[in-house]
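This report refers to the structure that appears directly beneath it.
The values are calculated or read from the model by the stated rules, or taken from the named source; none is laboratory data. As the structure is a computational prediction, the values presented were derived from the model and not from experiment. For neighbour counting, all protein chains shown are included, and Cβ atoms are generated from backbone atoms with ideal geometry for every residue, glycine included. Please note that ligands, DNA and RNA were not included when accessible areas were found on the heavy atoms of the full protein model with its side chains. Shrake-Rupley method; radii C 1.70, N 1.55, O 1.52, S 1.80 Å.
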Amino acid sequence: MTQSTSAYIHIPFCEHICYYCDFNKVFIEGQPVDEYIEALLKEARLSLIQNPVEMMETVYVGGGTPTSLDAKQLDRLLSGLREILPYNGGEFTVEANPGDLSADKLDVMKNYGVNRLSMGVQTFDDRLLKKIGRKHTAQDVYDTIQLLEEKDFQNVTIDLIYALPGQSLESFRDTVKRALALDLPHYALYSLILENQTMFMNWVRRGKMQLPEQEVEAQMYAETIEAMEKAGRMQYEISNFAKPGFESQHNLVYWNNQNYFGFGAGASGYLGKRRYKNRGPIQHYLRSLNEDQLPMLEEEYLSEKEQIEEEMFLGLRKILGVDKATFEARFGQSITSIYKAVIEELKQQKLIVETESSLRLTKTGLFRGNDVFEKFLISK
């Protein structure tokens, strides 16, 4: 029996499809939503029979758009999860879209112990919101925040995306300023990544869309870090900023390379040395569970070499970096015994800092994270 773990729950339904998103999702209209919820709960039940755990430290309901479910469907999902998962009152997050949240949905969440909300805001520039295929406006964000205050939801985070097509530095600065004026305990800021099979990627390939230059993107990131720290939101991971004590416990499970279940169509999980991914198409997912089978599409067992690489990639995303003692306890050898030459090279390039207890990125290293992570691939 595993001592403790976490769970990610995937709700693949959306009321509209954003142009940049490559997550597993479908337009909710005409979908078997109720059947999907029952199948997802069945998956959780079957998984826990096969992999019993004492405690769920964090639960995260993401998507898609979980708040595209109506209040009754949300009630069924959350009541089922509370019944099945050995959740102990830790962090319980639900993703939401501004404009999708209503008082009755928030009451349902409160009732089942949801204590953190993550909202996809992306930008406060209405023109840009339209351009990236979002259906909310900046005003919807303010209205939703007011509703959250009325319902006494204190732990709220918003996601913003920078380096959007046609985004100027002025527009970006205005978004950061407006975001910080909300005085929330947590913010996540990501640069736009062009994913295959998205409308954005097609438009860029066909020369129909221009993205900001790399220097502008780097400046946006530098200004983000400065503005957040000035406002008392400390950077604790490459893209995440929080008031002390409000760091995302669920995301830290990923960055600390710890165990988690993935429930739902297209969800991934990581248990022991085993990484698995569920079937993505909803009908394929439902068919497996109708036959009392787990809806697994693929699984792999990570070698020690792969586990070590992941420990480094994920751990270096955190501002505190990789803890040497934790690494040694986990793998029975020190980081320096494996990576001595790489560490020396990266220190000379001023991309990482080594202390007695940890290895972490420098300020420059934060801007060149991928170059650094690549160096920790152990050559075959």
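Take the conditions (1) modelled with pLDDT of 95 or more; (2) of a type in the set (S, T, N, Q); (3) open to solvent by 20 Å² or more (accessible area, probe 1.4 Å); (4) within 21 Å of Cys14 (Cα to Cα); Thr93 misses just one of them, which is (3). Just for the stretch 247-259: of the residues that are open to solvent by 10 Å² or more (accessible area, probe 1.4 Å) and out of contact with any helix residue (DSSP H, G or I) (no Cβ under 9 Å at 6 or more places or on another chain), which one is farthest from Gln307 (Cα to Cα)? Of everything passing the filter in the stretch 247-259, Glu247 is farthest from Gln307 (Cα to Cα). Among all residues of the stretch 38-50, there is none that is under 21 Å from Glu15 (Cβ atoms) and either open to solvent by 40 Å² or more (accessible area, probe 1.4 Å) or touching a Lys or Arg at 6+ places or on another chain (Cβ under 6 Å) (or both). Within the stretch 260-275, the residues that satisfy the criterion of being at negative phi and surrounded by 20 or more Cβ atoms within 10 Å (Cβ to Cβ) are Tyr260, Phe261, Gly262, Phe263, Ala265, Ala267, Gly269, Tyr270.
Selection over the stretch 152-192 of residues that are crowded, with 17+ Cβ neighbours inside 10 Å, assigned to a strand (DSSP E or B) and modelled with pLDDT under 95 gives a count of 3. Screening Tyr8 on (1) part of a loop (DSSP other than H, G, I, E, B); (2) modelled with pLDDT of 95 or more; (3) not charged (D, E, K, R) shows it passes everything except condition (1).
I'm checking my understanding of the structure. Among residues of the stretch 56-90 that are within 21 Å of the chain's Cα centre (by Cα) and farther than 25 Å from Cys14 by Cβ, which one is surrounded by the fewest Cβ atoms within 10 Å (Cβ to Cβ)?
We begin by selecting, within the stretch 56-90, every residue within 21 Å of the chain's Cα centre (by Cα); these are 56-69, 74, 77-78, 81, 85, 87, 89-90.
Restricting the remaining residues to those that are farther than 25 Å from Cys14 by Cβ gives 56-57, 87, 89-90.
Values: Met56: 22, Glu57: 22, Tyr87: 20, Gly89: 9, Gly90: 16.
Within the stretch 56-90, the match that is surrounded by the fewest Cβ atoms within 10 Å (Cβ to Cβ) is Gly89.
Only a single item in (1) assigned to a strand (DSSP E or B); (2) modelled with pLDDT under 80; (3) among the charged types (D, E, K, R) is not met by Asp22, and it is number (1). Exactly one residue among Phe327, Phe313 is at pLDDT below 95, hydrophobic (A, V, I, L, M, F, W, C), buried (at least 17 other Cβ atoms within 10 Å of the Cβ) and in a helix (DSSP H, G or I), and that residue is Phe313. In the stretch 354-377, is there at least one residue being surrounded by fewer than 16 Cβ atoms within 10 Å (Cβ to Cβ), in contact (Cβ under 8 Å) with a residue 60 or more places away in the chain and not in a helix (DSSP H, G or I)? Yes. Considering the conditions (1) in contact (Cβ under 8 Å) with a residue 12 or more places away in the chain; (2) assigned to a helix (DSSP H, G or I), Lys347 is excluded by exactly one of them, (1).
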